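Inspection log for the structure reproduced underneath, given as structure tokens.
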Amino acid sequence: MTDAVREYWNGQAAKFDVEPDHGLADPAIRQAWAELLLPLMPMPECDVADLGCGTGSLSLLLGKAGHRVWGVDLSEQMVARARAKVADAGVSAEFVVGDASVPPRARGSVDVVLVRHVLWALPDPDAALGRWTGLLRGSGTMILVEGLWGTGAGISAERCHEMLRAHRKSATVTMLTDPALWGREIADERYVVVSTA
């Protein structure tokens, strides 16, 4: 990833959590994300890689539930905020600065790969999916939260499903239309793709 991309996200870090689904400050929104993600964890106390973790809101949510979370983000400022967030909550999680598309993590080292709003922005999403699949221990669980945004940016659920199926035997798509997840009504396409094999 380029220095320009890193600097852009460094510049966004201070206001990133203002978006209701980024900061998860509202208990109802946080609960909606917990109800979405926690049942997808294949066992108690999973090793989870949160790739493109941003300010660590999902890492914190999973860490509070007893999972061991390792997050990576290109932005030093995002990682600093993620570290502070989990420390303030008394939750243990590890965060590193790095390229989420090429995570600095050993193959076969996690039970779950979680990626939210990252795949669509990568220059080679297919290559990234191949690397992410390699991180999984056994069949593992891959969770991709993506969208085709109202701005025209993003990736369709159909295309995301198709790309993941090139690397995994199965995957299911669930549309995420519930306003409780986003803090408002949405008119664009948002979804989660989950693969357990």
Subject >> Among (1) closer than 27 Å to VAL5 by Cβ; (2) touching a helix residue (DSSP H, G or I) at 6+ places or on another chain (Cβ under 7 Å); (3) open to solvent by 30 Å² or more (accessible area, probe 1.4 Å) - the single one TRP149 does not satisfy >> reply: (2)
Original post:
Scanning for something crowded, with 22+ Cβ neighbours inside 10 Å, touching a residue at least 60 places away in the same chain (Cβ under 8 Å), in contact with a strand residue (DSSP E or B) (Cβ under 9 Å, 6 or more places away or on another chain) and over 14 Å from TRP9 (Cα atoms), does region 97-104 turn up at least one residue?
Top reply: yes
Original post:
Can you pull out the residues in region 1-17 that are of a type in the set (Phe, Trp, Tyr), in contact (Cβ under 8 Å) with a residue 40 or more places away in the chain and open to solvent by 60 Å² or more (accessible area, probe 1.4 Å)?
Top reply: TRP9
Original post:
For region 106-125, does any single residue satisfy the condition of being of a type in the set (Asp, Glu), touching an Asp or Glu at 6+ places or on another chain (Cβ under 7 Å) and buried (at least 21 other Cβ atoms within 10 Å of the Cβ)?
Top reply: yes
**OP:** Kindly indicate whether any position in region 49-61 is under 15 Å from the mean Cα position of the chain (by Cα), open to solvent by 10 Å² or more (accessible area, probe 1.4 Å), on the phi > 0 side of the Ramachandran plot and touching a residue at least 40 places away in the same chain (Cβ under 8 Å).
**Re:** yes
**OP:** Starting from residues that are assigned to a loop (DSSP other than H, G, I, E, B) and closer than 23 Å to GLN31 by Cβ, keep the ones in region 62-85 and report whichever is least open to solvent (accessible area, probe 1.4 Å).
**Re:** HIS67
Subject >> Pair list, Cβ under 8 Å, 6 or more apart: region 23-45 residue at negative phi and in contact (Cβ under 8 Å) with a residue 60 or more places away in the chain, other residue of a type outside the set (Ser, Thr, Tyr) and open to solvent by 60 Å² or more (accessible area, probe 1.4 Å) >> reply: ALA32/ASP178
**OP:** Mind listing whichever residues of region 18-40 are of a type in the set (A, V, I, L, M, F, W, C), within 16 Å of THR141 (Cβ to Cβ) and open to solvent by 20 Å² or more (accessible area, probe 1.4 Å)?
**Re:** LEU36, LEU38, LEU40
Original post:
Among the residues of region 175-195, is any open to solvent by less than 50 Å² (accessible area, probe 1.4 Å), within 25 Å of ALA49 (Cβ to Cβ), part of a strand (DSSP E or B) and among the basic types (Lys, Arg)?
Top reply: yes
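The values are calculated or read from the model by the stated rules, or taken from the named source; none is laboratory data. The structure displayed is predicted, hence computed values, not measured ones. Every residue, glycine among them, receives a Cβ derived from its backbone with ideal geometry; neighbour counts consider all protein chains shown. All accessible areas refer to the heavy atoms of the entire protein, side chains included, with ligands and DNA or RNA removed. Shrake-Rupley method; radii C 1.70, N 1.55, O 1.52, S 1.80 Å.
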